[in-house]
Structure formats: C-alpha cells, structure tokens
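> Handing you this structure, nothing more for now.
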Amino acid sequence: DAKTTQPTSMDCAEGRAANLPCNHSTISGNEYVYWYRQIHSQGPQYIIHGLKNNETNEMASLIITEDRKSSTLILPHATLRDTAVYYCIVRVRNDYKLSFGAGTTVTVRA
Amino acid sequence: GAGVSQTPSNKVTEKGKYVELRCDPISGHTALYWYRQSLGQGPEFLIYFQGTGAADDSGLPNDRFFAVRPEGSVSTLKIQRTERGDSAVYLCASSPSGRGASYEQYFGPGTRLTVT
C-alpha cells in the first residue's frame, strides 16, 4: 500500500516557484518525510527531509502541515535543470529502505 | 569526491544467460543497497548490506538473484538464467551508515539490463 499520494505530473515556468504537493494521511509519529528527485538517466538524488518543522536547504524548502498529513516541496526558482521525477517518501528515520512510489514528473518550461 | 559508480552502464544479454552487475560505493560507506527500477516506476528495494553481510535480502524476487560484498566495499549483483522480465535499470546506493543516524543514500547512475 502506498504511503504517499502525489500528482502524476505538473508543469512549471522557468524562474517561478514550483510547489509540489504530497499527501501522507497515515503517517506515524516517528516517520519522516523525505524528498528525492531523479533526473532522466540518473540515479535518485536526495533533496531534503523533515519531521514536523519546516526545513530549508540550498536546494529546496519543505513545508509540513501541522497535522503532518501533507507536505509541499518548494523549488524557489525553478530552472530547466530541475526537470525530473520527484518522489515523496515517508520513512522511519532509522529505517534503511526507501519505498518509492511513482512520483511527480515535473517539467520546467522556458 | 568520487560518487557511486556502476558497471557496465548497459548490458544486453540473451534469455537464459548469467549476468553480473558491479557497484563501487563511496569510499568509507558501510551501507550498500541495490534497487531495481522498471520503466515508468519508482525504484524497488532489493537488498541491503551493512559491511560484508546482507542484512536484508527480502526484496530479491527469487533465488535466481544473488548479491555479494566480500570485502565490505564493492558489491556484485548476480542474476542466473535471466528472463525477459528481468529487464530493468539496476541501481546501487551507499550511505555512511545503515541505521540510527540522519543520512541520505547516494545513488549511482544505474545499469540498464536488457534481456532479449
């Protein structure tokens, strides 16, 4: 059973913010939200993770709702190089497996 | 520094043949993972090594699949009597530790296996 639900695809204009939603309504208290992305013909790449507080790094920001049932990954200024499949993953912090769903195919257009 | 490398990048083999796929993890990473990715799907977990031992091989689809990591560094995924359904991209990842720490998995570019 999928633990997360993401839209199949979305488009974004270059230079604009891309907001990628993820639903994880059955998330447990000890589960984190992780985001990875996979550019065509490459392996997945870690982006960011969080538990309940909002997080920001050099790649993106992660906004988690107060009830933790959903989150949004924000790419503040999308570039053509951000075109990729983005995976939202729920995972216990010390669990070694990553359980990928189908992800969201994000296409950044000039 | 060098990332995770996988060889070959592409492998075409005939049904019934034996293949080996190699993974060189990031130096010093004790944890190593294999995943398989079919077209249009996300990667699926196959096996996890902590050091030399396979800590979890529950994702291996059947006994035709086997993986080793004899010296705790390089790993080889071995597939016997290949079938057309084995065609996929095989991804390897490594991380500094398997459990108990906030860490990310670093993935290699994958090996595309095509069974004809």
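> Starting from region A:32-61, take each residue that is in contact (Cβ under 8 Å) with a residue 40 or more places away in the chain and list its partners that are open to solvent by 10 Å² or more (accessible area, probe 1.4 Å) and basic (Lys, Arg), counting only C-beta distances under 6 angstrom and pairs at least six apart or across chains.
What qualifies is A:Tyr32/A:Arg93.
> How many residues does region A:58-110 hold that are assigned to a strand (DSSP E or B) and out of contact with any Asp or Glu (no Cβ under 9 Å at 6 or more places or on another chain)?
So in region A:58-110, the residues assigned to a strand (DSSP E or B) come out as A:61-64, A:70-75, A:84-92, A:104-109.
After this cut, where a residue has to be out of contact with any Asp or Glu (no Cβ under 9 Å at 6 or more places or on another chain) as well, the list is A:70-74, A:84-89, A:104-105.
Selection size over region A:58-110: 13.
> Right, another one. Can you find a residue that is closer than 22 Å to A:Gln42 by Cβ and of a type in the set (Phe, Trp, Tyr) anywhere in region B:78-92? Quick ask: steps written out before the conclusion?
Filtering region B:78-92 down to residues closer than 22 Å to A:Gln42 by Cβ leaves B:86-92.
So of that shortlist, the ones also of a type in the set (Phe, Trp, Tyr) come out as B:90.
Yes, because at least one residue in region B:78-92 is closer than 22 Å to A:Gln42 by Cβ and of a type in the set (Phe, Trp, Tyr).
> Inside region B:37-81, can you point out the residues that are among the aliphatic types (A, V, I, L, M), open to solvent by less than 20 Å² (accessible area, probe 1.4 Å) and either outside any strand (DSSP E or B) or more than 12 Å from chain A (Cβ to nearest Cβ) (or both)? Lay out the reasoning, then the answer.
Looking only at region B:37-81, we keep the residues that are among the aliphatic types (A, V, I, L, M), and these are B:39, B:46-47, B:54-55, B:60, B:67-68, B:74, B:77, B:79.
After this cut, where a residue has to be open to solvent by less than 20 Å² (accessible area, probe 1.4 Å) as well, the list is B:46-47, B:67, B:77, B:79.
Result: B:Ala67, B:Leu77, B:Ile79.
> While we're here: I'm checking my understanding of the structure. Among residues of region B:95-116 that are more than 11 Å from chain A (Cβ to nearest Cβ) and outside any loop (DSSP other than H, G, I, E, B), which one is farthest from the chain's Cα centre (by Cα)?
Pass one, region B:95-116, residues more than 11 Å from chain A (Cβ to nearest Cβ): B:96, B:113-116.
Of the ones still in play, those that are also outside any loop (DSSP other than H, G, I, E, B) are B:113-115.
Numbers: B:Leu113: 12, B:Thr114: 15, B:Val115: 17 Å.
Top of the filtered list is B:Val115.
> Against the conditions (1) within 14 Å of chain A (Cβ to nearest Cβ); (2) open to solvent by 10 Å² or more (accessible area, probe 1.4 Å), where does B:Tyr90 fall short? Just the number, please.
It is condition (2) that B:Tyr90 fails.
> Could you check, for region A:41-51, whether at least one of its residues is open to solvent by 90 Å² or more (accessible area, probe 1.4 Å), in a strand (DSSP E or B), of a type outside the set (Ser, Thr, Tyr) and at pLDDT 95 or above? Break it down stepwise before answering.
Narrowing region A:41-51 to residues open to solvent by 90 Å² or more (accessible area, probe 1.4 Å): A:42.
If we keep only those that are in a strand (DSSP E or B) too, we end up with none.
No; the residues of region A:41-51 include none that is open to solvent by 90 Å² or more (accessible area, probe 1.4 Å), in a strand (DSSP E or B), of a type outside the set (Ser, Thr, Tyr) and at pLDDT 95 or above.
> What number of residues in region A:52-71 are farther than 18 Å from A:Asn30 by Cβ and open to solvent by 40 Å² or more (accessible area, probe 1.4 Å)?
Result for region A:52-71: 6.
The values are calculated or read from the model by the stated rules, or taken from the named source; none is laboratory data. Computed from a predicted structure; not experimentally measured. In this analysis, Cβ positions are derived from the backbone assuming ideal geometry, glycine residues included, and neighbour counts consider all displayed protein chains. Only protein heavy atoms, including side chains, enter the accessible area calculation; ligands, DNA and RNA are left aside. Shrake-Rupley method; radii C 1.70, N 1.55, O 1.52, S 1.80 Å.
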